[in-house]
């Protein structure tokens, strides 16, 4: 475990670096290198975000996106794990599905939006569809790979101790694959987050994607940049404090860290 | 050692094993006929790659003989089972479990035990290996020697009647190894488990075995059987151990010469 003081020092370092980035941003703005209707200053962005927060649209939108994500991602994770376990259990399923999922993964999440609209119209189901299609394959592949990479020696050791059949799956193979599965879920969350914002961009009347779209409609560059920053911020926070935390504790337990 | 009992614990009857590796036939085990009595400590030595591990795999039930038979308690081996636990060169502990839960692992198959009894048995076996202080530790916090001792405790907790050891001390340092010789002999004294132990370390063989079986190069056959009834517990530095080790080494060297000539002629 790293020293607490070390962590604090790293966090302070990061903060200084971010402030430096904002300073560069301000410098570029002040130098008038770009037209200011397309390139707002940090202050304008901050002011716009405060306005959006005051009138309640920022909070409501962030909440809407997160709720959609919670539902869509839960569905996606369940599907991804189920498919991944199937692929891990059957060589045939793995061979057939892996090429399909690798293909699906090359598609940007926004490319799922048109077909989602055709299939589900202007309902929230379209958003869930985009989330699932964006993130399921990454989790399925990570789970399948995690299972394929389980050291055969663990299985032999368990067999000699009398474990076989389904018990081998849940007592040995799944726990052994867990670090990779958790890594896949973490990646899946990021991809799903892309998906939800992409879908909202085109279809919806609330959500971070919707606020981005409205910013563009109203030629409000400060809103566009501000919402982008909020999207990144929420994505990073969940990644670090939810999935990152889980990943770290699993890796520490398995002795994979340090 | 007197007359052998009619029904040995383990019996190989002209067992052979042939592998088909990418269209290439590999004879791993020549016809081997071998017995181990109940409670006997049999050490198998042979040139590396001679098929010692294959022999253990047959008894463990991981593989089946191509011809001949492998019997445990007079019945053919049908697959792996907790009555014949194998330990490997790598400790193969499960990193997601604590030391205690690793030792409990095989006991979970024993449905008649409740959780408290399982823990009790696990702690008793950890104490036998002087590891009771590490019951709650994570696997990666242990040294190599400690891990192998946990592996031993895990293998012994379900009280198997046969313990199969595939060079379990091969990757440990000399000091740790010598300590484990003492502990393994003590366990054997207490449990009377039948042990089939594979090694290429002649001193190790001489120190541990009731009977040393020297195998030929691949495909392994029984070349020589050396009984060893030196009193236990044995000291690794006992001159008679050293003497027996050098006899084993002579047998092995003769075997290497034969293999060398054979390949020369072929």
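A few remarks follow.
- Filtering the range A:3-39 to residues that are closer than 17 Å to residue A:233 by Cβ and in contact with a helix residue (DSSP H, G or I) (Cβ under 6 Å, 6 or more places away or on another chain) leaves A:22, A:25.
- Hits in the range A:200-212 - residues which are outside any helix (DSSP H, G or I) and either within 14 Å of chain B (Cβ to nearest Cβ) or buried (at least 21 other Cβ atoms within 10 Å of the Cβ) (or both): A:203, A:204, A:207
- One residue alone among B:126, B:152 is buried (at least 22 other Cβ atoms within 10 Å of the Cβ), free of Cβ contacts under 8 Å to residues at least 40 places away in the same chain and not assigned by TED's automatic domain parsing to the domain that holds residue B:201, and that residue is B:126.
- Meets criteria (more than 30 Å from residue A:34 (Cα to Cα), touching a helix residue (DSSP H, G or I) at 6+ places or on another chain (Cβ under 6 Å) and either surrounded by fewer than 17 Cβ atoms within 10 Å (Cβ to Cβ) or within 14 Å of chain B (Cβ to nearest Cβ) (or both)) for residue A:158: yes
- When residue B:137 is tested against (1) surrounded by fewer than 17 Cβ atoms within 10 Å (Cβ to Cβ); (2) away from chain A (no Cβ under 14 Å); (3) under 26 Å from residue A:250 (Cβ atoms); (4) touching a residue at least 12 places away in the same chain (Cβ under 8 Å), exactly one condition is not met: (2).
- Search result, residues across the range A:84-98 that are within 16 Å of residue A:183 (Cα to Cα) and over 19 Å from the mean Cα position of the chain (by Cα): A:85
- Every pair of residues 6+ apart whose Cβ atoms lie under 7 Å, when the first sits in the range B:74-92 and is within 7 Å of another protein chain (Cβ to nearest Cβ) while the second is modelled with pLDDT under 90: B:82/B:109
- Only one entry in A:254, A:193 is buried (at least 18 other Cβ atoms within 10 Å of the Cβ) and under 23 Å from residue A:124 (Cβ atoms), namely A:193.
The values are calculated or read from the model by the stated rules, or taken from the named source; none is laboratory data. Worth saying up front: this structure is predicted, and the values here are computed from it rather than measured. As a convention, Cβ positions derive from the backbone with ideal geometry for all residues, glycine included, and neighbour counts pool all protein chains shown.
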